[in-house]
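Here the structure comes first, spelled out in structure tokens, and everything after it is commentary.
The values are calculated or read from the model by the stated rules, or taken from the named source; none is laboratory data. Owing to the predicted nature of the structure, the values given are computational and were not obtained by experimental measurement. In this analysis, Cβ positions are derived from the backbone assuming ideal geometry, glycine residues included, and neighbour counts consider all displayed protein chains. To get the accessible areas, we keep the full protein, side chains included, count just its heavy atoms, and leave off ligands, DNA and RNA. Shrake-Rupley method; radii C 1.70, N 1.55, O 1.52, S 1.80 Å.
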Amino acid sequence: MNRSKASWRMFCHCRVAVFALAGLACSAASGSDDGSRDGSVTGGRDGGGGANGGGNDGASGSSNGRGGAGGFGATAGIGGSAGAGLAGGSGGATGTGGKSGSGGGAASGAVDGGTVGGSGGIAGAGGSSAGRGGGAGSGGALDAAVSDGANDASADITDSSLDSGGSDMAPPPVCPPPTAPAKNRFAGYYGIYAEQVATPNPAGKDTPLAKLPAYVNIVNIAFMRPDSSYTAGSFNLAGTGVEPAYWAVANSGQILREAVAELHRKNPDTLAMISVGGATYFNWSSFNPQAVAAFANDMGLDGVDIDYEPGDASVHCTQSAGKVSCLSDKPFVDIVTRMRAALPRPKRLSIAAWSVGAFGEDLWIDAQPPSEFRGMALALLRSTAGPALDWVNVMSFDAGPTFNPIEALAAYQHFFCGPVHIGVEVPPEAWGGHVYTLTEVRSVADAVLAKKGGGMMMWELHKPGGGTESNPSAQMMATAICEKLGLSNCSEPILR
């Protein structure tokens, strides 16, 4: 996301790479915060047995009907160390999962009791609609709280049969059909650098952040430096890149923590995240996930949003023989893997994903517009880092008039099996000349609902925009999104 130092200190656009990505071409996203997707990972082609949390049962029946092999205990999972692997998943009928995939058993000797539930769903869903986590491991669980239905590790299986063989053929479904969430999510990016406060040293409860309406139920506070030098317990914002109007006062971190606490008190369902990176902070070579995690924990945040924008030359995607490769492929996987290791569940992890990041292969081999960023997510989508993510925010803007956000939704849902939030930008967009009208905003929201995407995203809550149907303000867009997603009190102002 591109930040300018204008009078209101606004980022003007948002770019990024996606870290949506999972064990096959796509494993299931680690269960969403409300369990509204399919909970846990779908049965792998050979039954991806739980590789962490002390080892779960094998995933339920595979797509070709073979029972899963037994899960293996692991030392690297969020759950405890080296739990014994349990039984293989039940075999399913061809193309569907078993009716009752085995749930996550209690791993013996789990340090954190982190076995993850994997209860099977009907028709290959691989997890119940509620996606409940598994029980705590025996031997004294210190922290049995695990993301609902999440499967934090899956077998990294390569199968050439997943290739569609050409753009004129429908690719085989990598992800199971999505299920409608219990509650749609509205993710809003909150540029804290643009926050206006009445006094230089305000009480946290008096800041606009603390007063955000409940319908913005995911708040991405932007931005933190990836190379931050934050020390746990210091509550010092210097060196973090987080720059509210009060950032220089001695107790700045305490003010921010109080603001987040007040936001949670007023809106218990709201998830507050720190967004790392953006177009201004791009020193990812010195990424410090431990500092980011310490900051999120100290500020009482629910998780971290990764906005990975290392610069155009560091991405540079190319196509060859119907496949995409990018210079940024390996760093993407590394960053999300290290962030999740530093920030175990139940903390959430999301990414801001490039508009064309899931294009370039299969049905989307020629999806518009042409771009050196087209397909920059695909290698990550096939990696084992995917299950670390809880949802993806797609920056479906700044892509010009030929870009189709609904086509992007289909591509991302094909490769990422968790919630996909399609984004709109308050005008003007920074590049390409496109402007989201209110009619377009509503049309995109209708498509998200029809395809069970899980919600929408808006960049940026502080942007004034216009004030007409064809050039709407941030408030007009937010109200329209709120109403379409079936949220409450949509007339409440964003900023107070």
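Only one residue in GLU469, GLU429, GLU492 is within 25 Å of PHE223 (Cβ to Cβ), modelled with pLDDT of 95 or more and either among the β-branched types (Val, Ile, Thr) or outside any helix (DSSP H, G or I) (or both). Which one?
Checking each option against the conditions leaves just GLU429.
Please find, among ARG340, ARG382, ARG348, the residue that is open to solvent by 10 Å² or more (accessible area, probe 1.4 Å) and at pLDDT below 95.
Going through ARG340, ARG382, ARG348 in turn, just one is open to solvent by 10 Å² or more (accessible area, probe 1.4 Å) and at pLDDT below 95: ARG382.
State whether the residues of region 352-362 include one that is free of Cβ contacts under 8 Å to residues at least 12 places away in the same chain, assigned to a loop (DSSP other than H, G, I, E, B) and either under 19 Å from HIS316 (Cβ atoms) or among the small types (Gly, Ala, Ser) (or both).
no
Name the strands (runs of 3 or more DSSP E) wholly inside region 217-319 in which the number of residues that are over 22 Å from SER355 (Cα atoms) is 2 or more.
Qualifying strands (runs of 3 or more DSSP E): 271-277.
Which of (1) surrounded by fewer than 17 Cβ atoms within 10 Å (Cβ to Cβ); (2) closer than 19 Å to ARG496 by Cα does PRO208 not meet, given it meets every other one?
(1)
Scan region 184-195 for residues that are part of a loop (DSSP other than H, G, I, E, B) and either modelled with pLDDT under 95 or surrounded by 24 or more Cβ atoms within 10 Å (Cβ to Cβ) (or both) and report the count. Steps first, please.
As a first pass, look at region 184-195 and keep what is part of a loop (DSSP other than H, G, I, E, B): 184, 195.
From what's left, either modelled with pLDDT under 95 or surrounded by 24 or more Cβ atoms within 10 Å (Cβ to Cβ) (or both): 184.
Residues in region 184-195 being part of a loop (DSSP other than H, G, I, E, B) and either modelled with pLDDT under 95 or surrounded by 24 or more Cβ atoms within 10 Å (Cβ to Cβ) (or both): 1 in total.
Do you know which residues across region 454-473 are surrounded by 23 or more Cβ atoms within 10 Å (Cβ to Cβ) and not aromatic (Phe, Trp, Tyr)? Spell out the reasoning first.
Of all residues in region 454-473, those surrounded by 23 or more Cβ atoms within 10 Å (Cβ to Cβ) come to 454-462, 472.
Listed by number, the residues that qualify are GLY454, GLY455, MET456, MET457, MET458, GLU460, LEU461, HIS462, PRO472.
Looking at region 303-329, which of its residues are of a type outside the set (A, V, I, L, M) and surrounded by 20 or more Cβ atoms within 10 Å (Cβ to Cβ)? Steps first, please.
Looking only at region 303-329, we keep the residues that are of a type outside the set (A, V, I, L, M), and these are 303, 305, 307-312, 314, 316-320, 322-323, 325-326, 328-329.
Matches in region 303-329: GLY303, ASP305, ASP307, TYR308, GLU309, PRO310, CYS317, CYS326, SER328, ASP329.
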